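The values are calculated or read from the model by the stated rules, or taken from the named source; none is laboratory data. Note that the coordinates shown come from a computational prediction; the quantities given were computed from them, not determined experimentally. No Cβ is skipped: glycine too gets one built from the backbone with ideal geometry, and neighbour counts run over all protein chains shown.
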Amino acid sequence: MQFLIVTGLSGAGKTCVLRHLEDIGYQCMDNLPPLLLTQAFALCEKVQPEQPVALGVDSRSGALFNAEAVLEAIDGVSDRHSVSILFLDADTDTLIDRYKETRRDHPLMKRGKTLEACIARERELLQPLRERAHHILSTTGLKPRDLFDAVDRLTAQTQGQRALHTDIMSFGYKRGIPRESDLVFDVRFLPNPYYIKDIRAYTGLEAPVRDYVMGKEETRAFLAHLYAMVDYLLPLYQREGKRRLMIAIGCTGGAHRSVVISEALGAHLRALGQTVNVTHRDIALEEASWSFRRDAQA
């Protein structure tokens, strides 16, 4: 498994980084007391061994925080798993300014202690983790977008591997366009299997309809254009920082043509290594309406 320990100074951006890691496919847990790290490692081994995990550990644990306990827990699993430490830092003036903006208390703040003294004490507590860190990232002067780009580079994700998640949804125009869609393609220009009596009761997930739709010259030509357009657009969306893209493909009812095209596009993107989820919004509703009409006629 791949584990990333996210630690560092309070106010340096750990929460933002963990949210970003969650967006790009990590399972994230924040503010773990060091004594629970070993149990967290074991739990992740059991329930999600294929998903990378990011664990936030820092001085917010208060009296429960112990940097040496963190390192012991890491050493206990390093023979079985890849464990890296990302340490987030910032200069003292920047941290003070950020606390002034948020008006929150520093985790080590006690009566009579200055914010600068708290930051200095936290640096001492975290020094063992900083010395063992695989990545040290100063967030001084970084905008969120720059921070996320830096995290992507440090976690060895190339531009083409950033986890843009693509959702493809088939739908029927008679029930409306999905409001969450980013790109919408209308495939009602393709020959409609519904008017072929022998196959109308099948859906686009079944061979009779799939073969009928895919056997048309206009379908093959359209897919070539669709693949080229989506292949061109995805890297541009990734570059702009988009993490989830919804592509909606519609036909009249949402059970035949749109289903076939959605499945074909999903297979194409998976073959390119993209993370894709294909759903069919209206297919069950259409099948239910067919059954209802057959029962009414009987």
Item to check | From Leu142, Leu190, Leu147, residue being part of a loop (DSSP other than H, G, I, E, B), on the phi < 0 side of the Ramachandran plot, touching a Cys at 6+ places or on another chain (Cβ under 8 Å) and of a type outside the set (Gly, Ala, Ser) | outcome: Leu190
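Residues in region 217-262 that are in a strand (DSSP E or B) and of a type in the set (A, V, I, L, M, F, W, C): how many? First the steps, then the outcome.
Residues of region 217-262 that are in a strand (DSSP E or B), as a first pass: 244-251.
Okay, now just the ones that are also of a type in the set (A, V, I, L, M, F, W, C), so 245-249, 251.
Residues flagged as in a strand (DSSP E or B) and of a type in the set (A, V, I, L, M, F, W, C) within region 217-262 amount to 6.
Could you identify the single residue in Gly204, Gly241, Gly253 that is at pLDDT below 90 and not assigned by TED's automatic domain parsing to the domain that holds Leu86?
Gly241 is the lone residue from the list that is at pLDDT below 90 and not assigned by TED's automatic domain parsing to the domain that holds Leu86.
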Checklist entry - Do any residues in region 219-232 that are at negative phi have Cβ atoms under 8 Å from those of residues that are small (Gly, Ala, Ser) and in a helix (DSSP H, G or I), where the two are at least six apart or on different chains, and which pairs are they? => result Leu223/Ala264
Next on the checklist: Which residue is surrounded by the fewest Cβ atoms within 10 Å (Cβ to Cβ), if the candidates are limited to region 1-41 and must be farther than 21 Å from Glu101 by Cβ and charged (D, E, K, R)?
Outcome noted: Glu22
Checklist outcome for this item: Of the conditions (1) in contact (Cβ under 8 Å) with a residue 12 or more places away in the chain; (2) over 31 Å from the mean Cα position of the chain (by Cα), the single one that Phe148 does not satisfy is (2)
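Sort out which residues of region 106-121 are out of contact with any Phe, Trp or Tyr (no Cβ under 8 Å at 6 or more places or on another chain) and within 12 Å of Ser10 (Cβ to Cβ), and write them in order of number.
Passing the criteria: Pro107, Leu108, Met109, Cys118, Ile119, Arg121.
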Checklist entry - Any idea which residue in region 222-247 is farthest from Ser181 (Cα to Cα), counting only those that are surrounded by 15 or more Cβ atoms within 10 Å (Cβ to Cβ) and of a type in the set (Phe, Trp, Tyr)? => result Phe222
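Residues in region 42-53: is at least one in contact with a Gly (Cβ under 9 Å, 6 or more places away or on another chain) and either crowded, with 18+ Cβ neighbours inside 10 Å or among the small types (Gly, Ala, Ser) (or both)?
yes
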Checklist entry - Which residues, counting only those in region 33-60, are of a type in the set (S, T, N, Q) and farther than 18 Å from Arg132 by Cβ? => result Gln39, Gln48, Gln51
